[in-house]
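As structure tokens, the structure follows; a few thoughts come after it.
The values are calculated or read from the model by the stated rules, or taken from the named source; none is laboratory data. Small disclaimer: the values here were computed from a predicted structure and weren't measured. As a convention, Cβ positions derive from the backbone with ideal geometry for all residues, glycine included, and neighbour counts pool all protein chains shown. Side chains included, ligands, DNA and RNA excluded: accessible areas come from the protein's heavy atoms. Shrake-Rupley method; radii C 1.70, N 1.55, O 1.52, S 1.80 Å.
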Amino acid sequence: MKPTAARFVVFAPNWLGDAIMALPAIAGVRRAAPDASLTIAARQGVAPLFRLVPGIDDVMVLGKRGRESFLWRAREKDSRPLFDTAILLPNSFHAALTAWRASIHERWGYRTDFRRPLLTRAIDPPVAVHQVEYYQHLVKALDLRDPSPLFPLQAPPHIAISEALRAIGVKELTGAGWDGTRPLVALAPGAASGGAKRWPPASFAGLARALAADGIQSVMVGGRADLPVARQIEEALGVPGAAAAPGAPLEGDVVLNLMGTDLPTLAGILSACRALVSNDSGAMHLGAALGLRVTAVFGSTDERLTRPAGDGHIVLTNPVWCRPCMMRECPIDHRCMRGVGVDQVVGAVRQML
């Protein structure tokens, strides 16, 4: 059916990687309803992503005290609801409850988390598909079909940033000690949801040394939550005090430290790099969406569901019996990650360059 609602609000996933994997589904909504108003409701940590994406009319930030803080004005006395239709990409009961309490007439999403009574259209979720396809399946099942054959359903996420943002990235890199000539490879050693997803810091340090021997400049990237991992890499590199400030060159410029930037600046930095080495993380998906070739090291999570979308990427795993366990922390010896050797990752990066 053709969508009739004039004002859509899409509840975005809560994590950066999931939000990026949802971009093709959101683009499908826009192309299916080109004249509609399209607002994204997102948590503060991922909201800046959607300001980099064309076709979105507004971004509303979900406050720390809950989603009601941004939607309550929809229920003010004598006021018209802010939106006609809410598309709920998160599977949570809370997302559906918020849309219901905000008096949004149409509430569409997957039939999950006991929220069926709160939805006006409930779709059965697919099983064992990549997360990009998972979100696109919802859009397709809601008959929000892209009318143009030029945009296939399985198109990977794509982000095109401005020249101004690229310039900010280059400025950050030169300020950190990049000479502007050596090829750059970004290292994203962090990952949300526990340490089981992280390749050991000592392995990242060994990778940086090997790339430096090839004349390649490494740069550590990530959010503020990843700073403790950066310090562990500094320790592995033998940095005196192991507490160098972000932007400081380490061990003779083996690796630059640009951890702790905001999301737009991270995108600008990645756009200047030729490749990215990452755990299963939001930075991995951001790099892939920006067009970088990604070497991704997977341990506790399932690469079939969340590997970087698109062509040209390399996924490395250690095929032990206990993975993917989906646990936050490894209860044994983290063999899934420790079994991925530095030489394997170096070889993958060389192949990409």
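Structure data summary
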quantity	calculated
Test: residue in region 306-326 that is touching a residue at least 24 places away in the same chain (Cβ under 8 Å), touching a helix residue (DSSP H, G or I) at 6+ places or on another chain (Cβ under 6 Å) and farther than 22 Å from Ala196 by Cβ	yes
Verdict on Tyr110 being in contact (Cβ under 8 Å) with a residue 40 or more places away in the chain and among the hydroxyl-bearing types (Ser, Thr, Tyr)	no
Evaluation of Tyr110 against (1) at pLDDT below 95; (2) open to solvent by less than 70 Å² (accessible area, probe 1.4 Å); (3) of a type in the set (Phe, Trp, Tyr); (4) closer than 30 Å to Gly287 by Cβ (one fails), failing number	(1)
Within region 250-298, tally of residues that are within 21 Å of Ala348 (Cα to Cα), of a type outside the set (A, V, I, L, M, F, W, C) and over 12 Å from the mean Cα position of the chain (by Cα)	5
Members of region 154-202 found to be open to solvent by less than 40 Å² (accessible area, probe 1.4 Å), in a helix (DSSP H, G or I) and either aliphatic (A, V, I, L, M) or touching a His at 6+ places or on another chain (Cβ under 9 Å) (or both), listed by number	Leu165, Leu173, Ala176, Gly195, Ala196
Any hit, region 10-31, residues being in contact with an Asp or Glu (Cβ under 6 Å, 6 or more places away or on another chain) and modelled with pLDDT of 95 or more	no
Residues of region 291-349 classified as surrounded by 15 or more Cβ atoms within 10 Å (Cβ to Cβ), part of a loop (DSSP other than H, G, I, E, B) and among the acidic types (Asp, Glu), total	1
